[in-house]
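The structure appears below as structure tokens.
Quick note: the coordinates plus some simple rules give every number you see, no bench work behind them. This is a predicted model, so every value here is computed, not measured. Neighbour counts are summed over all protein chains in view; Cβ atoms, including those assigned to glycine, are modelled from backbone coordinates with ideal geometry.
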Amino acid sequence: MTSVRRMTGLVVVAVMMVVGSGVQAAHHKLNKPPKGFTAIFNGKDLSGWWGAGTEDPRKYMALSPEKFAAKKAKSLGNVKKHWRVEKGELVNDGKGLYLTTEKNYGDFELLIDYRTVAKADSGIYLRGVPQVQIWDTTKAGGKWKIGADKGSGGLWNNSKGAAGKDPLVLADKPFGQWNRFRIVMVGERVTIYLNGKLVVNHARLENYFKRTLPVLAKAPIQLQTHGGEIRWRNVFLREIGSEEANNILRQGGIANAEGGAGKGFKSIFNGKDMAGWAGPVDNYQVVDGTIQCKPRKGGTIYTKESYGDFAVKLEFKLPKGGNNGLAIRYPGGGDTAYVGMCELQVLDNTAKGYAKLDPRQYHGSAYGQAAAHRGYLRPVGEWNYQEVTVVGTTIKVELNGTVILNTDLAKIKKFMYPEKKFKGRLKKEGHFGFAGHGSAVQFRQVYLKKIK
């Protein structure tokens, strides 16, 4: 055994329920996907797959095209030895490399059936990261000490005590029967149903290879092999677009039937006018339910109410070269990057004019203080979803379902400018706002919750 185991609101949920019922009805047609899904195993051969082990996808995705092609070609001999297709089923003998999709996936819904044998141990790697656990859940299987008694479907490689590591319920069927997964992944947030039962609810998948880094925005899906025969069938995938993904994130996952922004969150922008806001409001305009800077205007507008600890959820859309910022604990005057706790950058990271910025100037960064991870913005022109949580001197930024910044400003020792310039960084209270820099960055669906 190795160390590796591992539409808005109700409308989205209703759609998911319809899709789920359609999947059940469609399963009598072997390997024929339900509407909206694609069969990533064709039921005939291994087209669209190659072989990889438990290895950081960042490394092989960074290879030159020539070196990656050679790695892929070399893997196919191993795949041919240990994998086969038998009567429309994908069969592995328990050995060899893991079957890996040629295509890299971002946000998706995956439907997959599996059947395994006693004492088996397997799993599904999401974006190349272990893993959705599959194993023998009986006492005879010999793995109760490491969690097998809790059932399959958990994110086994998450840290001890982390959400999602252990399944919420034991949902496995007896050996000899087929089990069915439904896995929804948005950002690094994962929801899993096993045989129709919720086993993981909107939990973050930790990056097993380097826990200080988030999971890649796009990477392959892998089917793990681990010592016992396992069979797969009905492997269907539906890619999730940005609008649906944002709705799922706002409501806290597909299992949340309440919709809206979640308990305790209240709208602070009514989509019609600047009621409740102060500062240079004449420099901004409301267009089609969104708030944005007027051309070549700017300045920091802010909520009339002041906050200590809080969380805010919002959506934003960047134009090409877009530049704005979120004012955190702003005192009501001055440059929020220095007199407030910070300015969280809202920036088109892909713009050529921003190619040589300090890392602490890119999107999601606490300007000049702490750098956010890059690579998680949607393409320019699409709506992004972001959550910011501020507690004491700590600040966390989750962009499109992935945590890109999680830092304590009180512990920062190196700054882009002299530390004394950031005189407001330890402020305990202040306003929330938008720090416009003359470009038409749009904001909508802005909700805030006080944290006691």
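Please state the Cα pair-distance histogram of the chain with 20 angstrom bins from zero: what percent is in each bin?
With 20 Å bins starting at 0, P(r) equals 24, 50, 24, 2.
Distance check, please: which entries in Lys72/Lys160; Lys32/Lys173; Lys165/Lys449; Lys95/Lys173; Lys173/Lys450 exceed 32 angstrom between their Cα atoms?
From the list (Lys72/Lys160; Lys32/Lys173; Lys165/Lys449; Lys95/Lys173; Lys173/Lys450), the Cα-Cα distance tops 32 Å for Lys72/Lys160; Lys173/Lys450.
Residue separation times 0.36 nm, minus the C-alpha to C-alpha distance between Lys272 and Tyr354: what's the value?
In short, 26.3 nm is gained.
Tell me, Ile328, Ile124 in order of fewest to most beta-carbon neighbours within 10 Å?
Ile124, Ile328
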